[in-house]
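Have a look at the structure below before the remarks.
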Amino acid sequence: MSERELKFEEAVERLDEIVEGLESESTSLEKSIELYEEGMKLVKVCEKKLAAAEAKLEKVLPQSAEDRPAVGPLKVNES
């Protein structure tokens, strides 16, 4: 992962690549551990970005219950 701030889409794309690497039978144990660690960092990046997006939406959505669209909090798979 580079020093610059990743966009959400870039992080998800890299996570897909990591999953492919972890699923590969040719990936060594050491490399698998490195990929897993990188993936966990990217998951945290994605969670923060989703939380920030949710906070922005909360600000622009109507505050009264009758005006509020039928939306709920963003859910992140924690497994």
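Can you tell me which residue in region 25-35 is farthest from the chain's Cα centre (by Cα), limited to those that are in a helix (DSSP H, G or I), loosely packed, with under 13 Cβ neighbours inside 10 Å and not charged (D, E, K, R)? Looking at the filtered set, the residue picked out is LEU29.
Here are LEU22, LEU50, LEU42, LEU15: which of them is part of a helix (DSSP H, G or I), among the aliphatic types (A, V, I, L, M), free of Cβ contacts under 8 Å to residues at least 24 places away in the same chain and surrounded by 12 or more Cβ atoms within 10 Å (Cβ to Cβ)? Give the derivation first.
On the way: LEU50 fails: free of Cβ contacts under 8 Å to residues at least 24 places away in the same chain; LEU42 fails: free of Cβ contacts under 8 Å to residues at least 24 places away in the same chain; LEU15 fails: free of Cβ contacts under 8 Å to residues at least 24 places away in the same chain.
Selected residue: LEU22, the only one of LEU22, LEU50, LEU42, LEU15 that is part of a helix (DSSP H, G or I), among the aliphatic types (A, V, I, L, M), free of Cβ contacts under 8 Å to residues at least 24 places away in the same chain and surrounded by 12 or more Cβ atoms within 10 Å (Cβ to Cβ).
Under the condition of being part of a helix (DSSP H, G or I) and touching a residue at least 12 places away in the same chain (Cβ under 8 Å), the residues counted in region 1-12 number 3.
Where a number appears in this text, it was derived from the coordinates with a stated rule and is not lab data. Please read these numbers as outputs of a predicted model, since none were measured by experiment. As a convention, Cβ positions derive from the backbone with ideal geometry for all residues, glycine included, and neighbour counts pool all protein chains shown.
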